[in-house]
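Accompanying notes for the structure given below.
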Amino acid sequence: MNILFLADPLNSFKTYKDSTFAMMREAARRGHQVWACEQDDLVWQHGGQVQAMSRQISLTGDADDWFKVLQESVVSLADMDAVVMRKDPPFDAEYLYTTHLLTQAEREGARVFNSPQALREHPEKLAILEFPQFTAPTLVTRNISAVRAFHAAHQDIILKPLDGMGGAGIFRVPADGLNLGSIAETLTRDGTQTIMVQAFLPAIAQGDKRVLVIDGEPVPFALARIPQGGEVRGNLAAGGKGVAQPLSESDWHIARTLGPILAARGLLLVGLDIIGDKLTEINVTSPTCFQEITQQAGFDVAARFMDALMSKTSA
């Protein structure tokens, strides 16, 4: 099989922890042809198909020079056996345009995972609004007065932008309300940009759990990302410590409830973020933590993912 990964630049990969790399490695181990391209490689022209200048690569096994380019070629996405969309956030206008090109590629016969339509319809912060039974008190607004009222009601709150990743732009404002106005004004750009506000969950001390769901089925281990050094953020990119652990009863309940629903919409791979027993985000663009879970718990996440991908492409 020929598998095209639409991702960030290959030279930017941190292969010791990168989940896209883990997917590629597993695909190569099974004898599949691994191809890679970036967003700006995509082209559509009247009378033709969605194409991309792509590189077929082999994996060298070297930690630094980890890939070798075998050939560069313009390929039609419809000619690939699978296209795996793994571009990291932010979900900006260019990302949105890319999903529209991928939808056109689907019309031409391409098989894209995750579904570009599903990517558009499940922005990672806002997707939780559909499942309020599992979430903490949450406010979505650009109205600073509404933010102040939410703080008055809940006292200890978290504010975050809707397009961030890796914990970027997340602030905690406790009961004293110190700097609430300044933070709200900055994040909303003086009331012109919508943000999310949530009640602070003390269970963050035990970790912000990443629960992976593959084709509707939960991976039985989560990666609890535990804040370090007085940080409120557990994100690995913000210095959190990742600890693999079996899913809790509430983790299983949330994952088994959402998994089939999201899979039916074309989301082959989902990363649920859970603090305590509360769902805080639904990650669909490029969920991570494959390697940490595999290394610590012995569960081969990339193999499970590749099994699911092969099942979908052979259906």
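General remarks:
- Residues being more than 30 Å from Lys87 (Cα to Cα), among the hydrophobic types (A, V, I, L, M, F, W, C) and outside any helix (DSSP H, G or I) - total across the range 166-198: 3
- Qualifying residue in the range 210-221 (condition: in a helix (DSSP H, G or I), surrounded by fewer than 21 Cβ atoms within 10 Å (Cβ to Cβ) and assigned by TED's automatic domain parsing to the domain that holds Ala302): no
- Qualifying residue in the range 257-272 (condition: in contact with a Ser or Thr (Cβ under 6 Å, 6 or more places away or on another chain), assigned to a strand (DSSP E or B) and within 20 Å of Ala205 (Cβ to Cβ)): no
- Whichever residue in the range 194-219 is at pLDDT 95 or above and polar (S, T, N, Q) and, among such residues, is farthest from Arg120 (Cα to Cα): Gln198
- Being closer than 30 Å to Gln51 by Cβ, within 21 Å of the chain's Cα centre (by Cα), assigned to a loop (DSSP other than H, G, I, E, B) and assigned by TED's automatic domain parsing to the domain that holds Gln51 is a description that does not apply to Asp163.
- Leu102 vs. criteria in a helix (DSSP H, G or I), closer than 16 Å to Leu268 by Cα and in the same structural domain as Gln33 (by TED's automatic domain parsing): yes
- Unique match (being among the acidic types (Asp, Glu) and within 24 Å of the chain's Cα centre (by Cα)) among Asp88, Asp65, Asp79: Asp88
- Selection from the range 300-315 of residues that are crowded, with 17+ Cβ neighbours inside 10 Å and closer than 17 Å to Gly216 by Cβ: Val301, Arg304, Phe305, Met306, Ala308, Leu309, Met310
- Check on Ile157, touching a residue at least 40 places away in the same chain (Cβ under 8 Å), crowded, with 17+ Cβ neighbours inside 10 Å and in contact with a Ser or Thr (Cβ under 6 Å, 6 or more places away or on another chain): no
- Whichever residue in the range 252-272 is in contact with a Lys or Arg (Cβ under 8 Å, 6 or more places away or on another chain) and closer than 14 Å to Phe305 by Cα and, among such residues, is surrounded by the most Cβ atoms within 10 Å (Cβ to Cβ): Leu268
- The range 79-98 - residue that is acidic (Asp, Glu) and touching a helix residue (DSSP H, G or I) at 6+ places or on another chain (Cβ under 7 Å) and, of those, surrounded by the fewest Cβ atoms within 10 Å (Cβ to Cβ): Glu94
The values are calculated or read from the model by the stated rules, or taken from the named source; none is laboratory data. Please read these numbers as outputs of a predicted model, since none were measured by experiment. Methodologically, a virtual Cβ is constructed for each residue, glycine included, from the backbone with ideal geometry; neighbour enumeration extends over all protein chains shown.
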